[in-house]
Amino acid sequence: LVRLRSRLSRSQNTLGKGLLSLLSREHLDEDTWEEIEDTLLTADVGVAPTQELVERLRTRVKVLGTRTPAELRALLREELLTLVGPGLDRTLHTESPQDQPAVLMVVGVNGTGKTTTTGKLARVLVADGRSVVLGAADTFRAAAADQLQTWGERVGARTVRGPEGGDPASVAFDAVKEGIAEGADVVLIDTAGRLHTKTGLMDELGKVKRVVEKHGPVDEVILVLDATTGQNGLVQARVFAEVVDITGIALTKLDGTAKGGIVVAVQRELGVPVKLIGLGEGPDDLAPFEPEAFVDALIG
Ligand code: GDP
């Protein structure tokens, strides 16, 4: 947790610190409130949540009258936490209710960190004593399957792959079949994320899911979103959400941006909780998303 905080705060705490120093000004005039609003918008919190937060802060600061730094800090912490959604169920379902492996599909646009996140997740699970099978259902890029297999070898998970250009759904089907045959605990399926044709993507992801469901239900569909892509990322996220039912979000590259507000924006946009965060390229750089730790890191 300490490591997580330091990793996050390096780029993120500008947001919380900036807000805190603005709130601490002796005179909170209109210009200051506008600056507070700009700070939130710059961090990709989104327009509606920003306005709501500013409204609440204004009211509460007024009620408070004179403010000590500790009071302001506590108030900001509480309001940011409310914004992030402390009560959302962020359980990652890695145990199937049936007597068979849990199946998790990982979807998202190429380059967002899908394969890396799949690899890191496999690592976490294997470290936890679970046996994992990886399905390389991104058959369009040979490099993608190689990359996943490298992760698999690194963390101790077998990778099922098909011929380059082969049918992604059939690789996914085989991976689950293999997982069942081996008595594996979890099957993670890495999918393709070419966005140039929405119908193509829709057909393909939908088919992967349907074919996998012949073995049993899919336990999670995790959408990987690159935190550095801001509003663009949100538009893409929406497209995916139209195609498959997303059950959780993995927000990657939070180590490389001060735009942590995207957590708020994407949860609002999709109505799905952020469950995982990516904090770097290494095997240990994946963490469950914990609202309290996140907000503490923001405030620094
Ligand atoms: P995919 O095309 O969606 O499967 O994306 P990749 O998994 O190949 O990742 C694209 C690039 O992003 C690679 O260079 C990864 O190392 C990098 N990456 C993935 N997750 C993170 C993260 O959380 N932080 C940072 N800094 N880089 C990441």
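The values are calculated or read from the model by the stated rules, or taken from the named source; none is laboratory data. Keep in mind that what you see is a predicted model, and the values were worked out from it rather than measured. Every residue, glycine among them, receives a Cβ derived from its backbone with ideal geometry; neighbour counts consider all protein chains shown. Calculation scope for accessible area: heavy atoms of the full protein, side chains included, ligands and nucleic acids excluded. Shrake-Rupley method; radii C 1.70, N 1.55, O 1.52, S 1.80 Å.
The calculated FRET efficiency for the pair Asp38 and Thr66, based on their C-beta separation and a Förster distance of 30 Å, comes to about 0.70.
In order along the range 79-84, the Karplus-derived 3J(HN,Hα) couplings, from 6.51 cos²θ - 1.76 cosθ + 1.60 at θ = phi - 60°, round to 5, 5, 5, 4, 5, 6 Hz, and Gly and Pro are given as x. With both residues required to sit in the chain, DSSP beta bridges show an antiparallel share near 10%. The 3J(HN,Hα) values that the Karplus relation (6.51, -1.76, 1.60; θ = phi - 60°) gives for the range 20-30 are, in residue order, 5, 6, 5, 5, 7, 4, 5, 10, 8, 8, 3 Hz. Gly and Pro appear as x. Counting only heavy atoms of the protein chains and using a 1.4 Å probe, Asp31 has close to 100 Å² of accessible surface. Residues whose amide H lies under 5 Å from that of Val274, counting only those 5 or more places away or on a different chain, are Ile249; hydrogens are built 1.01 Å from N in the peptide plane.
Under a 5 Å amide H cut-off, with hydrogens placed 1.01 Å from N, Arg158 pairs with Val132, Leu134 among residues at least 5 apart or on other chains.
Taken about its Cα centre, the chain carries a charge dipole of roughly 280 debye when the Cβ of each Lys and Arg holds +1 and the Cβ of each Asp and Glu holds -1. Its Cα gyration tensor gives the range 88-169 an equivalent ellipsoid, and the semi-axes of that ellipsoid, as √(5λ) in whole Å with the largest first, are 22, 14, 13.
Pairs exceeding 23 Å between alpha-carbon atoms, taken from Lys177/Lys275; Lys177/Lys209; Lys114/Lys209; Lys114/Lys207; Lys114/Lys253; Lys114/Lys259: Lys177/Lys275.
Quick one: check the C-alpha center-to-center distance for the range 247-268 versus the range 272-300, whole angstrom. Using only Cα atoms, the two centres lie 9 Å from each other.
Counting only DSSP H runs of at least 4 residues, each contributing -39500 (n - 2.57), and dividing by the residue count of the chain, the helix-based mean residue ellipticity at 222 nm comes to -17000 deg cm²/dmol.
Solvent exposure of Thr82, expressed as accessible area, is near 80 Å², computed with a probe of 1.4 Å over the protein chains only. Averaging the Cα positions of each part gives two centres, and for the range 146-192 and the range 96-121 these lie 10 Å apart.
Each residue of the range 262-267 is assigned a 3J(HN,Hα), and the resulting list reads 4, 3, 5, 4, 6, 5 Hz, derived from the Karplus form 6.51 cos²θ - 1.76 cosθ + 1.60 (θ = phi - 60°), x at Gly and Pro.
Pair-distance distribution P(r) for the chain, from all Cα-Cα distances in 10 Å bins starting at 0: 6, 28, 31, 19, 10, 5, 1 percent.
Taking the range 94-138 and a reference point 7 angstrom along Cα→Cβ of Asp203, the backbone N atoms nearer than 18 Å belong to 138. Over the chain, accessible surface divided per residue gives 43 Å², non-protein components excluded, 1.4 Å probe. Between Ser21 and Gln231, the FRET efficiency estimated from the beta carbon spacing at R0 = 22 angstrom works out to 0.25.
In this structure, the amide hydrogen of Ile189, modeled 1.01 Å from its nitrogen in the peptide plane, lies closer than 5 angstrom to those of Leu104, Met105, Val106, Gly135, counting only residues at least 5 positions away or on a different chain.
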